[in-house]
Structure formats: C-alpha cells, structure tokens
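The values are calculated or read from the model by the stated rules, or taken from the named source; none is laboratory data. Every value quoted in this text rests on a predicted model; they were computed, and no experiment measured them. We place every Cβ from the backbone using ideal geometry, glycine too, and count neighbours over all the protein chains shown. Just the protein is used for accessible areas: all its heavy atoms, side chains included, with ligands, DNA and RNA removed. Shrake-Rupley method; radii C 1.70, N 1.55, O 1.52, S 1.80 Å.
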Amino acid sequence: MKVSVSAPGKLMLFGEHAVVYGYPSVVTAVDKRLYVEAEQTDKEVEEVITPQVKESRFVSESISFFREKFAVKEHVKVRTRGDFSHNVGLGSSSAATVAVLAALGVLFNKFFKKRTLFDMSYQVNIKIQGVGSGFDVAAATFGGTLYFIRQGEVLEPLSVGALPLVIGYSGIKADTPSYVRKVAENFKQKKNETIDIFKKIRDLVELAKQSLLVKDYEMVGKLMTRNHVLLQQLGVSTVKLDSMIDAAFNTGAFGAKLSGAGGGDCMIALVPSEKRKNVEKAIEKAGGQVIKVKNNAEGVKIEERII
Ligand code: MEV
C-alpha cells in the first residue's frame, strides 16, 4: 500500500516569542501544503527523498520515532513534495513531521487522535530544534485559525474566515532557534523589561482574538502594528522587514507586522481590498516578494490510499 498525506504551512498572526514563555498566540494554517508519500520497502534501510534538504532530518526523525514507539520492524520509503520552499518560513518542516507521522499511522494501521499526532510531532520537532512552542505543529495538525498556548496547553479553534492578508517575503531565511535564543538572552539580561513586553503582547493577543472574531479589521490591523513595535523592542526585526512594513502601512494597510521569529522570513499586512494592489506594489518596491497565500487552510489530511 502507498499512502499520500498532506499538511499545511502556517503564519503567526499574533504573539510570537511571548508564546515560548507561556503567553497566548494566534496562528493560522495556510494553503501552501507539504505532501508526503509513504510505502513499505523491502530494503533494509529507510529511503528518504526530499527535494529540500532541511526537511530530510524531520522526515528521518519522524520515521525513527514512529518505528520505535509502535515497534515497527519494516522499513519505509518516504518522498516529500512541497507547494513552498522552506526558505520562506511558512513551516514546511513541521508540516513534514505531521504528515509523515500521519502517513505512517495509516500505512501500519495505528490509529491515533489528532491530539496524539500533535504531541508526537511536537516531541520530534523539539528533539531536532531544542526550542519552540509547537504553534507550527498545531497549525499543521489542526488547520484553521487557533488561539494557542505552548505545547498545546490551549488549542482553541477561532472562526475567523478568510482574512484580507498580504504576505511579503523579505528574501532572507531566518534562523528561528537563534532568534529564540536571542530573546532568551534578553530575558536573562533584562528580565523585568522583557516580561513587560510579553505582558503587553499577551494583552493585545486577547484583544486581537476578540477583534478577529467580530471581523473588526481596523482594530486587528492596529493591533498588528502594535505587536510589531513590541517585536522591535525585543530586537528581532530587521531594517528590511521594517521598511516593508512601513511601505504597507503608508499605502493603506490597516496594519502590518513581521510574522515568525524575525530576522527575515515574512511580514504580513491586513489590507482593505481596494488598497491591496497598492500595498503589494509598495512591498515589492521595498524589496519584498509578495506571496499569494490564503489563511484558514485545512489541517493534515489523507490525500490518497493506493492498495
Ligand atoms: C517562530 O516562528 C515563532 C516563535 O514564537 C518560536 C515558537 O513559537 O516556536 C519565535
């Protein structure tokens, strides 16, 4: 039997970094997916075929984890294919982990709930990266838009619908673990100041959750910009991200912020429909690359089972 499974990428809407310290965040799954094909092989070793090197470690670790946990003796061949490059920071590694574990579950008739899939995938990712809240694993597993507290302490689906987002890639691949460590260093050196920033982020995440639910985009935009200023204070933004964000704001976005760890990857802007074209052009003029992405994508799903 051959199984094909896919899982979505993600965008952090609110609360990055603070989420690592137990504060809430809002994350949404996006319609860029990572596809995994898995089948048994007669060979005595795993066969891992990933077009993007970054994912191969996540695929191999997921296979080892699964074989050990479920005492599986057989070896497997796993191939991945992505709608997106790992460079843009949309979470292809987490999507790969979730999709591989789900595919192996189907292949070896091991049935587990999504919550278990989340917990297992999070364990694999932590083993590789050492740090992380698990928000990306949650988006890949459950999809939609989630109010999320680290390690899935809270996983609340939010009914927010399609958001008028514009995404700009900065052209620079961010190294998430090093930015998480950078904030950890701040936390050690300037504890009170950093906690103060985290608390301000927490408060705006709560407001953002309510504003998203009632589709008050003007307010959501304001909160995005406020969140960005706090991320600047944490020292994780860059000149490039700031200029893309300013460009979006100056051409009519409700608000904009970096999304993810900072240091590169993407910025997001919430934009009235009549301003979308102008905002996209301005982001490109500032050196960004506009990526067409829809939020609220479906979580992990079985695409095909070939007997
Ligand atoms: C990175 O995309 C978001 C961080 O909050 C890390 C994490 O939550 O794992 C910086």
Checklist entry - For the pair T116 and Q289, what calculated FRET efficiency results from E = 1/(1 + (r/R0)^6), where r is the Cβ-Cβ distance and R0 = 35 Å, to the nearest 0.05? => result 0.40
Checklist entry - If the chain between A71 and R305 were fully stretched, how many nm would it gain, using 0.36 nm times the residue separation less the Cα-Cα distance? => result 82.0 nm
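Of all accessible surface on segment 165-291 at a 1.4 Å probe, what whole percent is carbon and sulfur? Present the calculation step by step, with values, prior to reporting the outcome.
Working: 2950 of 5770 Å².
On segment 165-291, the fraction of accessible area on carbon and sulfur atoms equals 51 percent.
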Checklist entry - Taking the Cα-to-Cβ direction at K43 and at K173 and moving 7 Å from each Cα, how far apart do the two end points lie in nm? => result 2.4 nm
Checklist entry - Farthest toward the dipole's positive end in the chain, which of Q40, V26, T141, given Cβ charges of +1 (Lys, Arg) and -1 (Asp, Glu) about the Cα centre? => result V26
Checklist entry - So which residue, out of L155, L213, L231, gets the largest mean-square fluctuation from a GNM of the chain using Cα contacts under 10 Å as springs? => result L213
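Residues of segment 8-76: accessible area per residue at 1.4 Å, in Å²?
Using a 1.4 Å probe on heavy atoms only, each residue of segment 8-76 averages 41 Å².
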Item to check | Charge dipole magnitude, Cβ of K and R +1, D and E -1 - the chain, Cα centre, debye nearest 20 | outcome: 220 debye
Item to check | Dipole of the chain, positive end: most advanced residue of M12, I49, F112 [Cβ charges, Cα centre] | outcome: M12
Checklist entry - If you stretched the chain out fully between Q233 and K188, how much longer would it get, using 0.36 nm times the residue separation minus the C-alpha to C-alpha distance? => result 14.7 nm
Next on the checklist: Charges at C-beta only: +1 for Lys and Arg, -1 for Asp and Glu. How large is the resulting dipole of segment 131-232 about its Cα centre, in Debye rounded to 20?
Outcome noted: 320 debye
Next on the checklist: Let's test the formula: R0 of 45 Å, r as the Cβ-Cβ distance of D242 and E298. What FRET efficiency results, to the nearest 0.05?
Outcome noted: 0.85
Checklist entry - For segment 41-83 and segment 91-165, what is the separation of their Cα centres, given in Å? => result 18 Å
